[in-house]
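Here's the structure we're looking at; comments come further down.
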């Protein structure tokens, strides 16, 4: 300080004068921008997403998705359907211009253009106004997407007999039977068949359940030798006596179901 000259201040360039950590700028002077993207806006988005996720998880726990019957590769009458949120694409692929020789167009090109248009909408329409009528590109793409998805989903669901499908695809309950694990037939089954049909004859994978079938001893012996449907011939390697014991064992188990 010098006398009569007022006050003089010395600044330190290592200390910022107008920036403070974790405090966003004041956007009130910028028209169309009301808050900082980070952390204000992004934090709100995360909070909304977290609430939705928790609610969705609670709904999933309260109402779990129903299971259908065990998959049977030999059932040619079964019509597989995608989950409800892909029904619109399932319906779209039924049309002639999106199926057959034009499958690539319907399965890849058209959905790619549709979702690509939605992704590019914010870059094509950069107007600061938030009113939908003043943002024709973004609003038009969104309305077109929503209408298309809802209409195609409705069309797909309209042609499905959901009650009949649910009735035909109920999980098959395994009958309660007693397996005599001490019998000679079970020993043969354990050595020859258990790997595919399970320790309780319940089946697994491509191998069907052996409980609830209606075959005679002779028919079972023929199947074990020559195979049936997806089961190839020559699977059984035992003797004739062991084959007889195996067939009689399977028949005795199924007699409990009748």
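None of the figures in this text is laboratory data; all of them are computed from the coordinates on show. Please read these numbers as outputs of a predicted model, since none were measured by experiment. We place every Cβ from the backbone using ideal geometry, glycine too, and count neighbours over all the protein chains shown.
Each of residue 41 and residue 179 was given a label point 7 Å from its Cα along the Cα-to-Cβ line. The distance between the two points is 6.2 nm.
Listing 58, 193 from fewest to most neighbouring C-beta atoms within 10 Å gives 58, 193. Each of 125, 199 was scored by other Cβ atoms within 10 Å of its Cβ. Arranged with the fewest first, they read 199, 125.
Model label sites at residue 235 and residue 119, defined 7 Å from Cα along the beta-carbon direction, differ in position by 4.7 nm.
With neighbours defined as other Cβ atoms within 10 Å of a residue's Cβ, the residues 222, 214 order from fewest to most as 214, 222.
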